[in-house]
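S.K.: The structure's right below; bear with me while I get my questions together.
The values are calculated or read from the model by the stated rules, or taken from the named source; none is laboratory data. Just so it is clear, the structure is predicted and the values come from calculations on it, not from any experiment. Note: ideal-geometry Cβ built from the backbone for every residue, glycine included; neighbour counts use all protein chains shown. Quick note on the areas: whole protein, heavy atoms, side chains included, nothing else; ligands and nucleic acids left out. Shrake-Rupley method; radii C 1.70, N 1.55, O 1.52, S 1.80 Å.
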Amino acid sequence: LVLLWLVAFSECIIEIPLRRVKTMRKTLSGKNTLNNFLKEHAYSLSQISSRGSNLTIHPLRNIMDMLYVGNITIGTPPQEFQVIFDTGSSDLWVPSIDCNSTSCATHVRFRHLQSSTFRPTNKTFTIIYGSGRMKGVVAYDTVRIGDLVSTDQPFGLSMEEYGFAHKRFDGILGLNYRNLSWSKTLPIFDKLKNEGAISEPVFAFYLSKDKREGSVVMFGGVDHHYYKGELKWVPLIRAVDWSVHVDRITMKREVIACSEGCAALVDTGSSNIQGPGRLIDNIQKLIGATPRGSKYYVSCSAVNILPSIIFTINGVNYPVPARAYILKDSRGHCYTTFKEKRVRRSTESWVLGEVFLRLYFSVFDRGNDR
């Protein structure tokens, strides 16, 4: 993993623009209005080449708060899906036309009988996420990410989904290591890497601030136009996931967490900064946040006076200012983006989600496990 600068690879950089997901509830009130809007604005897969022939860009839709989604296709002829490019998981899945869950009914479903390259299996699997879970079956078909094509790619078809009904993405494309695959299949990035479809085993994210357009995930190298300064390479704790060692977490020069060092997963599929409950509660108290429902709220004027919270990683300070860790909801109230990490571990661990990644350009280097 790297944060900040790298000499751009010159070959086969595929960039998929991502759009920050804003809640349409802010502008479209009422279920029927939202559903009508979605029907009238069906997304298309037209491709635009930019900055040379090695760059492919897809138009994206803005659908929810603080999610970044991109379009892929599966099957022959291609069927289009809007997915989260997720460094916190390893499986690719989309809903099956045979799924009758409420969540599936609100999303685009894969019609396997319409694909001439579809190959079924009887292998089933289940994935549990922080916000939901799915149960599905493994299948094989042609998957396209921009100009990248993976034939006979294993992927999941969900038959049951829970917790995703109001999440405006169809599926998830995992970019974590193979050992974390719940379906025990080869992730698409590994397959593309093994087949030499990308020039370098690297992908990177630029997540825009406050703008629906402009965010990208790039494969096969790094486009240096998206950042300033130098990249600071950070070795992974182990070559099993995108977790790095954090030296400490401070505020006003005082250590407030990770006092003896800790692990942090760099997760493009998470919108928050997550940590152990007692430490998150302490941070909420330090910034004067009060609980209301599932969120912690502060006065919106506090954005101008609250200090940055600094994550020191591999000796480098990465400040997260109040304007980044405090957001405004649809009613104009301000809430914090710190959240308790649900997974219990004996050692202290954190998740650095999009709150952090909007501040720092991130490069994930599978070739050097950094």
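S.K.: Once amide H atoms are placed 1.01 Å from N in the peptide plane, what residues at a sequence separation of 5 or more from Phe110, or on another chain, have their amide H within under 5 Å of its amide H?
M.R.: Ser96, Ile97
S.K.: Using modelled backbone amide H atoms (1.01 Å from N, in-plane), which distant-in-sequence or interchain residues come within less than 5 Å of Ile16's amide H?
M.R.: Val217, Met218, Phe219
S.K.: Simple spin-label model, 7 Å along Cα-to-Cβ: Ser259 to Lys211 in nm?
M.R.: The two pseudo-label positions are separated by 4.3 nm.
S.K.: Please list, or write none, the aspartates and glutamates whose alpha carbon is within less than 12 Å of the alpha carbon of Lys295, excluding same-chain residues fewer than 8 places away.
M.R.: Partners within reach: Asp281, Asp329, Glu340.
S.K.: Taking amide H positions as placed 1.01 Å from N in the peptide plane, with prolines and chain starts having none, which residues 5 or more places from Gln79, or on another chain, fall under 5 Å of its amide H?
M.R.: It is Ile74, by chain and number.
S.K.: May I ask you to evaluate 6.51 cos²θ - 1.76 cosθ + 1.60, the Karplus curve with θ = phi - 60°, for each residue of the stretch 172-180 and list the ³J(HN,Hα) values in order in whole Hz, giving x for glycine and proline?
M.R.: These are the phi-based 3J(HN,Hα) values: 10, 10, x, 10, 8, 6, 4, 5, 9 Hz.
S.K.: Pairs of alpha-carbon atoms within less than 8 angstrom and 6+ residues apart define the contacts here; what relative contact order does the stretch 277-370 have, in percent? It would help to have the intermediate numbers written out before the result.
M.R.: Values: 88 pairs, mean separation 22.5, N = 94.
Relative contact order comes out at 24 percent.
S.K.: Probe of 1.4 angstrom, ligands and nucleic acids ignored: what's the accessible area per residue over the stretch 169-244, in square angstrom? Please list the in-between numbers first.
M.R.: Working: 3190 Å² over 76 residues.
That works out to 42 Å² for each residue.
S.K.: Oh, and also: Which value in nm describes the separation of the simple spin-label points at Ser294 and Thr76, placed 7 Å from the Cα toward the beta carbon?
M.R.: 4.2 nm
S.K.: Give the Cα extents of the stretch 292-370 along the principal axes, in whole Å, largest first.
M.R.: Result for the stretch 292-370: principal-axis Cα extents of 46, 28, 22 Å.
S.K.: While we're here: Given a 1.4 angstrom probe, I'd like the percentage of the accessible area of the stretch 56-219 that is carbon and sulfur, rounded to a whole number. Walk me through the numbers on the way to the answer.
M.R.: Working: 3100 of 6070 Å².
Of the solvent-accessible surface of the stretch 56-219, carbon and sulfur hold 51 percent.
S.K.: As a test of reading the structure, rank His225, His333, His166 by solvent-accessible area (1.4 Å probe, protein chains only), most first.
M.R.: Details: His225 120, His333 70, His166 145 Å².
If we order His225, His333, His166 from most to least accessible, we get His166, His225, His333.
S.K.: Zone of Asn194 (label point 7 Å along Cα→Cβ, backbone N under 17 Å): which residues in the stretch 140-162?
M.R.: Label zone hits: 140-143, 149-156.
S.K.: Right, something else. Convex hull volume of the Cα atoms in the stretch 213-354, per residue, in Å³?
M.R.: Hull volume over Cα atoms, normalised by residue count, gives 149 Å³.
S.K.: For the stretch 138-212, what is the relative contact order in percent, using Cα pairs closer than 8 Å and at least 6 residues apart in sequence? Kindly include the intermediate steps, with their values, before the conclusion.
M.R.: Details: 57 pairs, mean separation 18.1, N = 75.
So the answer I get is 24 percent.
S.K.: So, one more: Rounded to the nearest Å, what's the spacing between the alpha carbon centres of the stretch 215-254 and the stretch 259-282? Just the number, please.
M.R.: 15 Å
S.K.: Quick check: the distance between the Cα centres of the stretch 128-151 and the stretch 308-324, to the nearest angstrom?
M.R.: Centre-to-centre (Cα) distance: 34 Å.
S.K.: Can you put Thr102, Thr117 in order of accessible area, largest first, using a 1.4 Å probe? Numbers along the way, then the final one.
M.R.: Values: Thr102 100, Thr117 55 Å².
My answer, sorted largest first, is Thr102, Thr117.
S.K.: In addition: If you roll a 1.4 Å probe over the stretch 228-365 with all protein chains in place, what percent of the accessible area is carbon or sulfur?
M.R.: Details: 3080 of 6680 Å².
It is 46 percent, rounded to a whole number.
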